[in-house]
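Structure first, then comments.
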Amino acid sequence: MFVLRNARVMTCDPAQPGLGFVDRGAVVVDGDRVVHVCDDAALPAAYAKAPMHDCSGALVTPGLVDCHTHAIFAGDRANEFALRASGASYLEIAEAGGGIAATLTPTRAASDGELTALLDQRLALARTTGTTTMEAKSGYDLTSAGELRLLRLLAARRPAIVPTLLAHLVPPERAADRDAFVDEIVTAWVPRAASLGLATSVDVYCDTGAFTLAETRAIFTAARAARLGVRAHAGQFADVGAAELVAEFGGLSADHLEQISPHGVHALARAGTVAVMLPGACVQLRLPPPPVARLRDAGVAMAIASDLNPGSSYSCSLPLQMWIATTHLQMSVEEAWLGVTRHAARALALPDRGALVAGNHGGAVLWKTDLPADICYRYGAPLVDRVFA
């Protein structure tokens, strides 16, 4: 147990307006669980003998929640980055044999130990920037046994990791029997992941060059039958109606959304589905920004995630994503903070994360500033003082 005193506490408590500040507050943390939050002068005597840390008025926030990553993979694609820097598009590179398919071979060849070591390195690096909860998807093997292996390795890192089964794309070797591959996802991948308790939700990449709307519907139907949550990569390159489909299924989140119609925005609002912004990928792929103002006006909750992956966003820093979101995507500082705390937790169906509320999990982060805007403004600066989780 540890007590943080004399802190500017930002609770992100949904029961409070805005970000919920306690300007001279105290937070009691036990492991990754928040035990008590109060005005510093009102700290109960029961905690008097616990180790104390005087925060000297610095900012204390919930542990950050990264609600969209592809954190388990081997190899890298720096050569593709160079090609894009020279003008090649993501889809052109994929059509030439790069893209997601280029990560399959090294990931399939890596041992369990190698993949776990890489995952742990990424988790440790994310923690240095304040992340204490990270969603991570399978999707870089694309065989039944391989996808379950990736999920098993991810599930072994709970509660820091929240594992998701991802239907990423149809691998080149299955292009000739595409229907059979989709049927395998529906009848084998999804039920097995659910019965073994290896995933909390199913994500489908529904876009140009990935899964069609009809295929996504079939996979979503299987996910619902298996009592798993539903999420989607939606509208990154083209609006094929994925956002509306996610909303129809009462999905947890629709992610990317560079391309989404007004009808899709209102469908998300009616369903209470979280819109997950992935600023790093948006900027790196030189895509138009998602319609943040339209989402805001419709009352859609917006989260921000790193999209950590080897092809379009090789970063696990949420503060860096917050800077891009508040500049390139024109989100407010308050929206950015909610996007990496309680809205991100909502996208993962984790009501006990993303807020400094007694009984919640995810711990707390002490920053080297008292200003929330600094975390977005001073991008790249090592502003995390200490993570308590």
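FYI, it's all coordinate maths here, none of it is from the lab. Everything quoted here is computed from the prediction, not taken from an experiment. Positions of Cβ are backbone-derived with ideal geometry, glycine not excepted, and every protein chain shown enters the neighbour counts.
Tabulated results
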{"read-out": "Qualifying trypsin sites (Lys or Arg not before Pro) in the stretch 180-252, DSSP loop, other Cβ atoms within 10 Å at most 15", "value": "Arg227"}
{"read-out": "Most to least packed among 93-106, 196-209 [average Cβ atoms within 10 Å]", "value": "196-209, 93-106"}
{"read-out": "Three-way shape call for the stretch 271-354 based on the alpha-carbon gyration tensor, with the a/c threshold at 1.5", "value": "oblate"}
{"read-out": "Mean projected area in nm² (Cα convex hull; one quarter of hull surface) for the chain", "value": "18.1 nm²"}
{"read-out": "The stretch 72-148: relative contact order in percent, alpha carbon pairs under 8 Å with at least 6 residues between", "value": "40 percent"}
{"read-out": "Pairwise label distance in nanometres, Met52 with Arg24, each label 7 Å out on the Cα-Cβ vector", "value": "1.4 nm"}
{"read-out": "Contact order relative to length of the stretch 114-250, as percent, for alpha carbon pairs under 8 angstrom and 6 or more apart", "value": "20 percent"}
{"read-out": "Over the stretch 213-319 - Rg/Rh using Cα atoms and the Kirkwood inverse-distance radius", "value": "0.96"}
{"read-out": "Theoretical FRET efficiency, 1/(1+(r/R0)^6), r = Cβ-Cβ of Ala226 and Arg270, R0 25 Å, to 0.05", "value": "0.50"}
{"read-out": "Placed amide H near Ala210: partners under 5 Å, 5+ positions off or other chain", "value": "none"}
{"read-out": "At least 20 Å along the helix axis (C-alpha) and Kyte average at least 1.6, DSSP helices within the chain", "value": "none"}
{"read-out": "For Asp39, net neighbour charge (Lys/Arg +1, Asp/Glu -1) across residues whose Cβ lies under 13 Å away", "value": "+1"}
{"read-out": "Theoretical FRET efficiency, 1/(1+(r/R0)^6), r = Cβ-Cβ of Ser261 and Leu196, R0 30 Å, to 0.05", "value": "0.20"}
{"read-out": "The stretch 103-260: antiparallel DSSP beta bridges as a percent of all, rounded to 5", "value": "0 percent"}
{"read-out": "Using distinct alpha-carbon pairs, which all enter the 1/r mean, Kirkwood radius of the stretch 246-389 in Å", "value": "15.6 Å"}
{"read-out": "Peptides ranked, highest mean first, by Cβ atoms within 10 Å: ranges 74-80, 43-49", "value": "74-80, 43-49"}
{"read-out": "Isotropically averaged projected area of the stretch 104-245, using the convex hull of Cα atoms (one quarter of hull area), nm²", "value": "8.7 nm²"}
{"read-out": "Considering only the stretch 1-156, percent of DSSP beta bridges that pair antiparallel, nearest 5", "value": "60 percent"}
{"read-out": "Amide proton proximity set for Asp370, modelled H, under 5 Å, gap of 5+", "value": "Leu59"}
{"read-out": "Quarter of Cα convex hull surface for the stretch 173-257, i.e. mean projection, nm²", "value": "5.3 nm²"}
{"read-out": "Structure-based [θ]222 nm, the chain - -39500 (n - 2.57) summed over DSSP H runs of at least 4, per residue, nearest 500", "value": "-9500 deg cm²/dmol"}
